[in-house]
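The block underneath contains the structure these notes are about, expressed in structure tokens.
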Amino acid sequence: MRLDRARAQLQRLEDLLLALLLTAMILLATSQILMRNLWDYSLAWGDPTLRLMVLWITLLGAMAATRDNNHIRIDLLTRYLPESAGRIARRLTDGFTALVCLLLAWHSARFVLFEYEDGSRFLDLLPIWPFQLVMPVGFSIIALRLLLSSFTGHPRQREAG
């Protein structure tokens, strides 16, 4: 019961972050375009901030897609396999994808560490590495969800079976 409540709260938090981030991106990008076209002016921090926001929304969106089992899946083979073989193939695919995401998490963590050691700055004001932590954290969460899926099957499969 508590685990379900915590999971629901985390899902609401992820969805809220996605909505807020998307809204902020739209407002910032639109204001940048309007200021450039109307007044030949733009915010110096606007474009670098938008690039970071794209990184965040991409990984948060991928996490949400994996959470809801709505991620892109190349399942040509599983369409022609019997149901039991298709389930096994999906589990193997999820396990392999989890390993790839773990590698991405590892190497993105190394990248963030290099940025930390190098002292790279965002807008010459703040260290960049905290903003980049979304990469190893996001890929780790995606890997965990895919790994769990490879052992337990997808929620839709459990409901149907």
Using the count of nearby Cβ atoms within 10 Å as a rough guide to exposure, how do Tyr116, Tyr41 rank from fewest to most?
-> Tyr41, Tyr116
Distance in nm between label sites at Leu43 and Glu117, each 7 Å beyond Cα in the beta-carbon direction?
-> 3.5 nm
Going by how many other beta carbons lie within 10 Å of each one, how would you line up Leu60, Leu50, Leu38, fewest first?
-> Leu38, Leu50, Leu60
Value at 222 nm in deg cm²/dmol, rounded to 500, when DSSP H runs of n ≥ 4 in the chain each add -39,500 (n - 2.57) | -27500 deg cm²/dmol
Extended-chain gain in nm, criterion 0.36 nm per residue less alpha-carbon gap, Leu34 and Glu14 | 4.2 nm
Where in the range 37-146 are there trypsin sites (Lys or Arg not before Pro) that are in a DSSP coil and have at most 16 other Cβ atoms within 10 angstrom of their Cβ?
-> Arg73
So what's the angle, to the nearest 10 degrees on a 0 to 90 scale, between helix 2-39 and the longest Cα principal axis of the chain?
-> 40 degrees
Mind jotting down the distance between the C-alpha centroids of the range 51-108 and the range 136-153, whole Å?
-> 8 Å
Could you give the angle, 0 to 90 degrees to the nearest 10, between helix 134-152's Cα long axis and the longest principal axis of the Cα atoms of the chain?
-> 10 degrees
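With an 8 Å Cα cut-off and a minimum separation of 6 or more residues, compute the relative contact order for the range 2-160 in percent.
On the way: 117 pairs, mean separation 39.6, N = 159.
Answer for the range 2-160 is 25 percent.
Every number here is computed from the coordinates shown, using simple stated rules; none is lab data. What you are looking at is a predicted structure, and each value in this text was computed from that prediction instead of being measured. No Cβ is skipped: glycine too gets one built from the backbone with ideal geometry, and neighbour counts run over all protein chains shown.
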